[in-house]
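Derivation of every value follows stated rules applied to the coordinates shown; laboratory data play no part. What you are looking at is a predicted structure, and each value in this text was computed from that prediction instead of being measured. No Cβ is skipped: glycine too gets one built from the backbone with ideal geometry, and neighbour counts run over all protein chains shown.
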Amino acid sequence: MEKKVLVKLENVSKSFGSVEVIKNISLDIYEGEFLTLLGPSGCGKTTILRMISGLDDVTTGKVYIDDKDMTNVDATKREVNTIFQNLALFPKMTTKENISFGLKMKKVDKAEIDKRVDEVIKLVKLQGFEDRYPSELSGGQQQRVAIARSIIMNPKVLLLDESLCSLDLKLKKDMQIELKRLQKKLGITFIYVTHAQDEALSMSDRIAIINNGAIEQLDTPSNIYKYPKTLFVADFIGEANIINAKVLEVGDNEIKVSMLQDHVVDIKADSIFEKNQELKLVIRPENVRISKNELANGIKGSINDITYSGDSTKLLVNIPGSIDIKVCINDDNKYVYNDEVYVKFDSNYIIPLRK
Amino acid sequence: MKHKLLKNLFILLVFFFLYLPIIVLIIYSFNSSSMNILFENFTFKWYIELFKNNDLIMSFVNTLIVALTSTIISTIIGTISAYGLYKFDFPLKKLINSLIYIPIVIPEIVLGISLLSIYTLMKLELGMFTIILSHIAFSIPFVIVSVRSALSSETVYYEEAAKDLGASNFKIFKDIILPVIMPGVVSGAILAFTLSLDDVVISYFTAGPGSNTLPLYIYSMIKTGITPDVNALTTIMLTITFITLTSIAVIQSRKIRKRI
């Protein structure tokens, strides 16, 4: 079945004064999907969201929602709702008043409002807190009021602007699961903005990596992690060893490169490289093999740093005369500081990228 | 221990200094002697006398009319101005923002003379209308400053959230912004009311025949001597103010307790 495009950005640019913050972005967002806009702060991801909600105008380009041109339609008339970074719950209104506000503005009749408010309150598990003011709710409860206030409007698209940032780790994990559950249950398209890559990876159907006002890569979380297309993506998502290398020979679907002081490896290469071209190799720390015993074609080094983080241990291996290699292993206690080790890169996991 | 004793003594002295004149005034309103020097016997006669003094009553009524109308109008104008100055960007905004403070810092006498010359220039007949107009003029900046302090960057977020939920600009102001800035509006209104209530200088320049306000009436008595019925009137005013303020405080603390 062909997926329906619900939100379409067509050659959208946005300038504040003379500064261009969004540079000619085109993006299709499908019905019912969970799309994350991920990027460092100041990359323009929130601006993209605000142009979809209508709180910011586009400078050039078009915004379509459900096949209708919404470029010049006011935010109040778009079937899109936002959960703001700071939640922006109305402080002088109770939970119930906050949640029913949007329906009141739409002049829905009172009995209908009451019915829907009850439903939504049950959905986000806020029973018993109907008459409390935002200041009397915990962070997680406030979050749920904000979610309820938006989803009661039955929006076609729900925009979430770094909505979980302010929560502590435990609550954040709970809310992530809850959001995902709600999204599947309601079938609403979610567009989520965040700078936290773990949130993006765990929640999204697709991730758009934004950098400097442009989309660097748009793909599923696992593809983005496994096959980063640019150095920025490789570096931004997860941990990565980025190693300088030079092409020695070019073959069919394979190139021979030299790296880390004349260490030669064969790697698969989809894109075309030329002989003697300088390039960068990306290797994830968990794909580096490490051993105390000599490995065939391995590189000798010594343990420079050990960071234990519960489920895994991160090692930093110093290669004499070269950079430090990050290695991630599952068992601890095996290595101590200054141990002599051998590391080896599996050629299947080396991602070559142009400089 | 000794430290605490000194602290309490200090507070006591401050309050003593602040409230002694008022206490004296209240006591002398029950003094049978017509001179505010010696206390002779306890009496209610000045309270009775007060209601016979038509000039005094008239000036008091005038004062209330002036204070109430100017407070209502200046609070409305000031609140809308503060919101507009906060929300919209326009040329010379910075200049206008600083111009607001000029009527606050300018000597009242200068404001009084300038208002008088403008009314003369416009051939406006001096009276209640010109007094009210003047009081509105000098109250607005105080309301603006008070309301502006209640508008924070948070307000922008509330506005956007309301807009996102489909609220019109009028609804946003009425349902979202106004409740948030209400403390600023109320304190601005109280400020405007009290400023108007005891204004002598500006009223002196802009009053006409038949529009004597209470402060002007009392001020004019200085030449002939202040009669104790003024003491009685101020005591009544004090009592009313005291009751109003206490009930506001009680209502508010009940509201807070209810929320908890």
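If one computes the Cα centroid of segment A:31-50 and of segment B:51-71, what distance in Å separates the two points? Here the answer is 63 Å between Cα centres. Both radii come from the Cα set of the protein assembly as shown: Rg as radius of gyration, Rh as Kirkwood radius; their ratio Rg/Rh reads 1.17. Basic side chains Lys and Arg get +1 at the Cβ, acidic Asp and Glu get -1 at the Cβ, and with that the dipole of chain B about its Cα centre reaches some 900 debye. Rounded to the nearest Hz, the phi-derived 3J(HN,Hα) couplings of segment A:79-93 under the Karplus curve 6.51 cos²θ - 1.76 cosθ + 1.60 (θ = phi - 60°) are 7, 9, 10, 10, 9, 7, 4, 9, 6, 6, 5, 5, x, 9, 10, where x marks glycine and proline.
If you take the beta carbon distance between B:I26 and B:I102 as r and set R0 to 41 Å, what does 1/(1 + (r/R0)^6) give as a FRET efficiency, to the nearest 0.05? Rounded to the nearest 0.05, the efficiency is 0.60. Of the peptides B:190-203, A:298-311, the order by per-residue mean of other Cβ atoms within 10 Å, starting with the highest, comes out as B:190-203, A:298-311. Taking the Cα centre of segment A:287-355 as origin and assigning +1 to Lys and Arg Cβ atoms and -1 to Asp and Glu Cβ atoms, the resulting dipole is close to 360 debye.
Counting Cβ atoms of other protein chains within 10 Å of each Cβ in B:153-162 and taking the mean gives 5. Of the peptides B:214-220, B:92-98, the ranking by mean beta-carbon count within 10 Å, highest at the top, reads B:214-220, B:92-98. Under the criterion of Cα pairs below 8 Å and six or more residues apart, the relative contact order for segment B:48-240 equals 38 percent. Given R0 = 41 Å, the distance between the Cβ atoms of A:Y133 and A:L316 translates into a calculated FRET efficiency of 0.25. Taking 29 Å as the straight-line reach from the Cα of B:K223, the lysines in range (excluding those fewer than 8 positions away in the same chain) are B:K45, B:K52. Long hydrophobic helices in chain B, taken as whole DSSP H segments with a C-alpha length of 24 Å or more on their own axis and mean Kyte-Doolittle hydropathy at least 1.6: B:2-28, B:128-150, B:178-197. Is the shape of segment A:239-354 rounded, prolate or oblate, going by the alpha carbon gyration tensor and its root eigenvalues a ≥ b ≥ c, with a/c under 1.5 for rounded and a/b larger than b/c for prolate? Prolate shape, in that a/c is at least 1.5 and a/b is the bigger ratio.
With bins 10 Å wide starting at 0, give me the P(r) of chain A over every alpha carbon pair, in whole percents. Calculated over all Cα pairs of chain A, the distribution is 5, 21, 25, 21, 15, 9, 4, 0 percent. Shown for chain A are the DSSP H helices of 24 Å or more along their axis, judged by Cα atoms, with a mean Kyte-Doolittle hydropathy of at least -1.0: A:169-186. A cut-off of 5 Å between modelled amide H atoms, ignoring neighbours fewer than 5 places along the same chain, links A:L37 with A:Y192, A:V193, A:T194, A:A208. For the pair A:A196 and A:N86 in one chain, pulling the backbone fully straight at 0.36 nm per residue adds 38.0 nm over the alpha carbon distance. Per-residue shielding of B:164-176, expressed as the average number of other chain Cβ atoms within 10 Å of the residue Cβ, stands at 6. Per residue of peptide A:76-88, the mean number of Cβ atoms on other chains within 10 Å of the residue Cβ is 4. The chymotrypsin sites (Phe, Trp or Tyr not before Pro) of segment B:35-104 meeting both criteria, a DSSP state outside H, G, I, E and B (loop) and at most 10 other C-beta atoms within 10 angstrom of the site's C-beta, are B:F88. Between the residues B:T213, B:L85, B:L191, the greatest Cα displacement towards the positive end of the dipole of segment B:48-240, with unit charges on the Cβ of Lys, Arg, Asp and Glu, is found for B:L85. Dipole check for segment A:239-354: with +1 at the C-beta of Lys and Arg, -1 at the C-beta of Asp and Glu, and the Cα centre as origin, the magnitude is about 140 Debye. Say the dipole of segment B:48-240 comes from +1 at the beta carbon of Lys and Arg and -1 at that of Asp and Glu; which of B:I222, B:N53, B:V201 then lies farthest toward its positive end? Checked the options; the winner is B:V201. Once a ≥ b ≥ c are taken as the square roots of the eigenvalues of the Cα gyration tensor of segment A:72-226, is the result rounded (a/c under 1.5), prolate (a/b larger than b/c) or oblate (a/b not larger than b/c)? In terms of gyration-tensor shape, prolate. Of all aspartates and glutamates in the structure, those lying under 20 Å Cα to Cα from A:K326, and not within fewer than 8 positions of it along the same chain, are A:D198, A:D235, A:E239, A:D262, A:E286, A:E294, A:D305, A:D311, A:D339, A:E340, A:D346. Listed by chain and number, the lysines whose alpha-carbon sits under 23 Å from that of A:K125, ignoring those within fewer than 8 places in the same chain, are A:K92, A:K96, A:K104, A:K110, A:K115, A:K156, A:K170, A:K172, A:K173, A:K180, A:K184, A:K185.
If you find the alpha carbon centre of segment A:291-355 and of segment B:125-165, how far apart are they in angstrom? After rounding, the separation between the Cα centres reads 66 Å. Ordered from longest to shortest, the equivalent ellipsoid semi-axes for chain B are 39, 28, 18 Å, each the square root of 5 times a Cα gyration tensor eigenvalue.
A dipole drawn for the protein assembly as shown from +1 and -1 charges on Cβ atoms has a positive end, and of A:I303, A:T82, B:S139 the residue lying farthest that way is B:S139.
Peptide packing: for A:194-207, A:250-263, the average count of neighbouring Cβ atoms within 10 Å per residue gives the ranking A:194-207, A:250-263, highest mean first.
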